Amino acid sequence: MIFLNIFFAAIILKNKVRNRVVFGAILGVGGIVLIFKEEFITLDLSNDNFVGLLYCLVGITLASLGNITSAYNQRQKLPVIQTNMFGMIYGSLALLAVAILSGSSFIFDSSWTYLLSLMYLAIMGSMVAFGAYLKLIGNIGPDKAAYVILLTPIIALFISNYFEGFQWTPYSVSGTILIVLGNLISLKKTKPRAS
């Protein structure tokens with residue numbers, strides 16, 4: 001999504017393509033490839049997997065366009081919380097339409113564990129996290145903000161190491177270093193030129 005954000009921001013928002021951000025993104029994606037080397041090697045693009053990959057690519061493209069829309073809205077001085085709310089309403093209605101059209105049944109788990117986890121995801125995982133991410137897009141641009149996505153697997157690895165006994169390999173360590181290095185390069189502030 002980083003590369004799509006860079007591309008769409010340049011085409012739609014007329015943002016300048018920053019070489020430092022592109023180079024950092026290349027390092028970061030290289031780090032992801034190293035971390036998930038085994039999964040990439042064993043990737044089987046049979047019919048179901050290929051269709052899944054296409055869905056993934058469509059989802060990434062739509063998510064990137066959502067990032068660009070948020071950046072545009074913030075340039076127009078539209079408030080993040082309200083636009084985020086409308087986006088979530090539209091997304092929920094679209095999912096409801098897909099569920100109805102596909103003939104899926106509507107089942108709701110009323111147990112406390114489900115309700116509490118649903119409330120946590122709705123408030124912290126959606127309203128707070130997306131609000132913060134969209135604000136970040138407005139502050140530093142969609143190209144740099146997308147770097148958060150590359151940091152997520154690193155956090156997951158540390159959590160997996162602690163709770164599931166994930167074993168670090170030279171590839172996962174090297175990949176993590178590349179991601180952090182790419183992040184530092186992408187987010188480094190440039191010094192203003194002396195006149």
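The values are calculated or read from the model by the stated rules, or taken from the named source; none is laboratory data. None of these values were measured; they are calculated from a predicted model. All Cβ positions, glycine included, derive from the backbone under ideal geometry; neighbour counts span all protein chains shown.
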Among residues of segment 118-135 being under 19 Å from Gln74 (Cα atoms) and not small (Gly, Ala, Ser), the residue surrounded by the most Cβ atoms within 10 Å (Cβ to Cβ) is Leu134
Practice task
Could you please let me know if Asn67 is crowded, with 20+ Cβ neighbours inside 10 Å, in a helix (DSSP H, G or I) and either of a type in the set (S, T, N, Q) or free of Cβ contacts under 8 Å to residues at least 24 places away in the same chain (or both)?
Solution key: yes
Screening Val80, Val58, Val98 for residues that are at negative phi, more than 18 Å from the chain's Cα centre (by Cα) and either modelled with pLDDT of 90 or more or surrounded by 11 or more Cβ atoms within 10 Å (Cβ to Cβ) (or both) leaves only Val98
Over segment 91-105, the set of residues polar (S, T, N, Q) and either in a helix (DSSP H, G or I) or touching a Phe, Trp or Tyr at 6+ places or on another chain (Cβ under 7 Å) (or both) is Ser92
Determine whether Phe86 is out of contact with any helix residue (DSSP H, G or I) (no Cβ under 7 Å at 6 or more places or on another chain), assigned to a helix (DSSP H, G or I) and of a type outside the set (S, T, N, Q). yes
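Conditions tested, residue by residue: (1) among the aliphatic types (A, V, I, L, M); (2) surrounded by 11 or more Cβ atoms within 10 Å (Cβ to Cβ).
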site	(1), (2)
Ala10	yes, yes
Ile26	yes, yes
Lys37	no, yes
Ser46	no, no
Val51	yes, yes
Tyr90	no, no
Leu115	yes, yes
Only one of Tyr133, Tyr90, Tyr147 is within 28 Å of Phe3 (Cα to Cα), at pLDDT below 85 and not polar (S, T, N, Q), namely Tyr147
Worksheet entry | Residue within segment 161-170 that is surrounded by 12 or more Cβ atoms within 10 Å (Cβ to Cβ), in contact (Cβ under 8 Å) with a residue 40 or more places away in the chain and not aliphatic (A, V, I, L, M) present | no
Inside segment 1-57, the number of residues satisfying the requirement of being without any contact (Cβ under 8 Å) to a residue 60 or more places away in the chain, not β-branched (Val, Ile, Thr) and not in a helix (DSSP H, G or I) is 6
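Residues checked against (1) part of a loop (DSSP other than H, G, I, E, B); (2) aliphatic (A, V, I, L, M); (3) without any contact (Cβ under 8 Å) to a residue 24 or more places away in the chain:
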position: Ile107; (1), (2), (3): yes, yes, yes
position: Ser110; (1), (2), (3): yes, no, yes
position: Ser117; (1), (2), (3): no, no, yes
position: Ala122; (1), (2), (3): no, yes, yes
position: Ser126; (1), (2), (3): no, no, no
position: Leu134; (1), (2), (3): no, yes, no
position: Asn139; (1), (2), (3): no, no, yes
position: Leu151; (1), (2), (3): no, yes, no
